[in-house]
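Notes for the one structure printed next.
Taken together, the values in this text are just the output of simple stated rules run on the coordinates, not laboratory data. Not measured: the values here are computed from a predicted model. Every residue, glycine among them, receives a Cβ derived from its backbone with ideal geometry; neighbour counts consider all protein chains shown.
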């Protein structure tokens, strides 16, 4: 059983990838939406919340953990790997590896303030290819815009431009979409940074890496069980999630 | 000792009013910014978090509670008044009373999704003046825009217009700024709804009502003690708060 957690609804983009790459894999999803968003919180708090999330999933029978949230991966990924005795897949390592493989010389990283300030992507990228130029930009307004479903609005495009135009001017050739919400704006992001820039989606990379692990260790993917939990099931999780996943979600309450 | 709580930094607009109307009053402020924002959460969660907040303040010696957060006031105000045995001042009652006194015939209410969906302002207004027309609008993007300090940006003005122009067209003559963050956008809000519309600031009204209570019960206002607590003191609370209050904040950690 694969346990996936996120600060809220955003990690459903990882579920979507899981379904595409490993159809039929059994998973439990936990969205900690009673405490969402994680993006502006301190490392202390992120580590505490992430531990709560992992322990809930272990309690429900998870044998492998996927940290879908970029902020949790950046600020608590290493901490969780040291603290718990089961495989933990965070999004930073595989997304940085993918970017370093395709980049010509200049990688852009966008994410929440927490992810960007941590420099987690930067450290990994420079460990892999020390000569790479790295430019990063915190985009704190993109999560609320996406959660309001304002994908095609002029305001969204203006805000995207203010975040992305500086990266375009700097000449990034590869861009890591370092937050679960950003793939939903992929089309507009591509336009703003230019069509030649390669976009890296951490959701795609973390599931690729999970799939390789499951194959290598000859583990059963399970029989298509899907359980969804949220810490605030009465809020808009179900409404937003069903639009994103395009399927009905039977949402249960998680008490951490 | 006056205990003031809010979901985060927003309630500092209430502290500002307290200082203006009751200079020298002693208070403890708690910002639950490890779980901010409250605006999109369910009533269950808001009641739980608000109880945690009140109990923290009581533990620190508060004898009177001010619920600075409109969402907590709307979704947990009555609940807290029944649960705790000390005076609880929430923002809905005095702001609705003030609006009903100045309105010609049509009151607009803006707030978070939680505040607007609760219809807490609407119920109070109609209890006071059943003939009043009431039009409300959830404005979920204004909190993140204000917290990013984007007061004068074109994007902010466009988003404000999309929320407020419909209220202007409907002909509201009075507008309740039903979220602690909105007074920081007062100037732009006034422009978008028209100069003749009367703006009601719940922070101003709740402190007026607290002042009347303290006078009536002949209570000492205290000797200017000010204590600030946050559940995530290492995040941007201090940085944002010091800009808003224009004073240095000695911030302590609250564990709820």
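Descriptive notes on the structure:
- Angle between chain B longest axis and helix B:154-170 axis [Cα atoms, degrees, rounded to 10]: 60
- Pair residue B:119, residue A:133: separation of 7 Å Cα→Cβ label points (nm): 5.8
- Averaged over residues, the count of other Cβ atoms within 10 Å places the peptides B:108-116, A:148-156 in the sequence B:108-116, A:148-156, highest first.
- Computed on chain B, with alpha-carbon pairs under 8 angstrom and 6+ residues apart, the relative contact order is 27 percent.
- Each Cα pair under 8 Å and six or more residues apart adds its sequence gap; the mean of these over the residue count of the range B:1-65 is a relative contact order of 50 percent.
- Between 0 and 90°, nearest 10: helix A:92-102 axis offset from chain A longest Cα axis: 40
- Estimated purely from DSSP H runs of n ≥ 4, each contributing -39500 (n - 2.57), the mean residue ellipticity at 222 nm for the protein assembly as shown is -14500 deg cm²/dmol once divided by its residues.
- The range B:1-130, relative contact order [Cα under 8 Å, separation at least 6], %: 27
- Fewest-first ranking of A:163, B:49, using other Cβ atoms within 10 Å as the exposure measure: A:163, B:49
- The distance between label points at residue A:212 and residue A:165 comes to 3.9 nm (points 7 Å beyond Cα on the Cα→Cβ vector).
- Here residue B:225 yields copy-to-copy label distances, from shortest upward, of 5.4 nm, the label point defined as 7 Å from Cα along Cα to C-beta.
- When only alpha carbons are used to place a centre, the range B:9-85 and the range A:39-86 end up 30 Å from one another.
- Comparing B:146, B:107, B:206 in a Gaussian network model of chain B where C-alpha atoms under 10 Å apart are linked, the largest mean-square fluctuation is found at B:146.
- Acute angle (nearest 10 degrees) that the helix B:202-216 long axis makes with the longest principal axis of chain B, alpha-carbon atoms: 50
- Shape summary: the range A:93-202 maps onto an equivalent ellipsoid whose semi-axes, from the alpha-carbon gyration tensor, are 23, 14, 11 Å in decreasing order.
- D (Stokes-Einstein, µm²/s), Kirkwood Cα radius, the protein assembly as shown, 1.567 mPa s at 4 °C: 54
- With its label point defined 7 Å out from Cα along the Cα-to-Cβ axis, residue B:248 lies at 6.1 nm from the matching points of the other copies, in increasing order.
- Label spacing, shortest first and in nm, from residue A:85 to its equivalents in the remaining copies (7 angstrom along Cα→Cβ): 4.9
- Taking the centroid of alpha carbons for each part, the range A:181-230 and the range A:117-156 are 16 Å apart.
- Contour excess over end-to-end distance, with Cα ends at residue A:58 and residue A:78 and 0.36 nm allotted per residue: 5.4 nm
- When the Cα convex hull of chain B is projected onto planes of every orientation, the mean area is 12.6 nm².
- Distance between the 7 Å Cα→Cβ label points at residue A:154 and residue A:219: 5.0 nm.
- Counting, for every residue in A:132-143, the Cβ atoms of other protein chains within 10 Å of its Cβ and taking the mean gives 1.
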